[in-house]
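Data first, discussion second: the structure below is written as structure tokens.
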Amino acid sequence: MFIRGRLPILLFMLICYSPALQAAPQPAGHETLAGLESARVIFDVRVANLDTLIFNLRLFHETWEGMADQGVKPEMVVAFRGPTVKLLTAAALDEEAMELLRSLKKKGVRFEACGVAMRIFKADPAGLVPEIKLVANVYLSLIGYQNKNYAMIVIN
């Protein structure tokens with residue numbers, strides 16, 4: 001009877017004091033952005049499926065938030081090329097992807113789709129969602145932004 005009556009309390013205490021449930025230490029990284037008022041980045045995105053695109057849009061959102069939380073103004077561009085351009089239509093994007101695009105756009109993130117890739121992958125530029133700007137050639141964007149001190153991160 002003693003054990004049976006005390007068992008729920010003992011289990012509760014074990015669970016509450018379990019190291020796995022205690023708050024994990026926050027990862028370091030604040031020193032990497034220390035002293036910056038703003039930071040520029042261009043993401044060179046070449047992915048072929050929607051799940052990977054959504055994963056990366058979430059990561060861009062988290063990156064933007066992490067910079068802003070540290071007092072750094074994010075200046076972000078997402079350049080889509082290769083097979084990704086086939087995913088950038090209202091017919092191809094699901095609601096989560098659209099919401100992520102809209103949310104990032106409201107934060108000032110610029111999205112560009114490559115006209116050359118649209119032609120090569122036979123994607124109709126008229127079908128692009130309005131959050132994404134069609135540019136003639138994303139290579140020119142990558143060259144221009146890098147020469148304007150944007151860090152480039154390749155997403156494959």
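The values are calculated or read from the model by the stated rules, or taken from the named source; none is laboratory data. These numbers come from a predicted model, not from an experiment. Here the Cβ is made from the backbone with ideal geometry for all residues, glycine too, and neighbour counts use every protein chain on show.
Please tell me if Glu96 is in contact with a Gly (Cβ under 9 Å, 6 or more places away or on another chain), farther than 22 Å from Ser141 by Cα and in contact (Cβ under 8 Å) with a residue 12 or more places away in the chain.
No; evaluated as a whole, the condition is false for this residue.
Identify all residues within the stretch 122-133 that are surrounded by fewer than 16 Cβ atoms within 10 Å (Cβ to Cβ) and of a type outside the set (Gly, Ala, Ser); write none if there are none.
Lys122, Asp124, Pro125, Pro130, Lys133
Look at the stretch 99-115 and say how many of its residues are surrounded by fewer than 16 Cβ atoms within 10 Å (Cβ to Cβ) and either within 14 Å of Asn137 (Cα to Cα) or of a type in the set (S, T, N, Q) (or both).
The qualifying residues number 1.
Given the conditions (1) of a type outside the set (Gly, Ala, Ser); (2) over 25 Å from Tyr139 (Cβ atoms); (3) under 16 Å from the mean Cα position of the chain (by Cα); (4) at pLDDT 95 or above, and given that Val72 satisfies all but one, which numbered condition is not satisfied?
Exception for Val72: condition (3).
Looking at this structure, is Leu7 farther than 20 Å from Ala123 by Cβ, part of a helix (DSSP H, G or I), out of contact with any Phe, Trp or Tyr (no Cβ under 8 Å at 6 or more places or on another chain) and at pLDDT below 70?
yes
Answer yes if at least one residue in the stretch 45-63 is assigned to a strand (DSSP E or B), surrounded by 15 or more Cβ atoms within 10 Å (Cβ to Cβ) and of a type in the set (Phe, Trp, Tyr), and no otherwise.
No, every residue in the stretch 45-63 fails to be assigned to a strand (DSSP E or B), surrounded by 15 or more Cβ atoms within 10 Å (Cβ to Cβ) and of a type in the set (Phe, Trp, Tyr).
I'm checking my understanding of the structure. Among residues of the stretch 87-127 that are of a type in the set (Lys, Arg) and closer than 18 Å to Leu50 by Cα, which one is nearest to the chain's Cα centre (by Cα)?
Taking the candidates together, the pick is Arg102.
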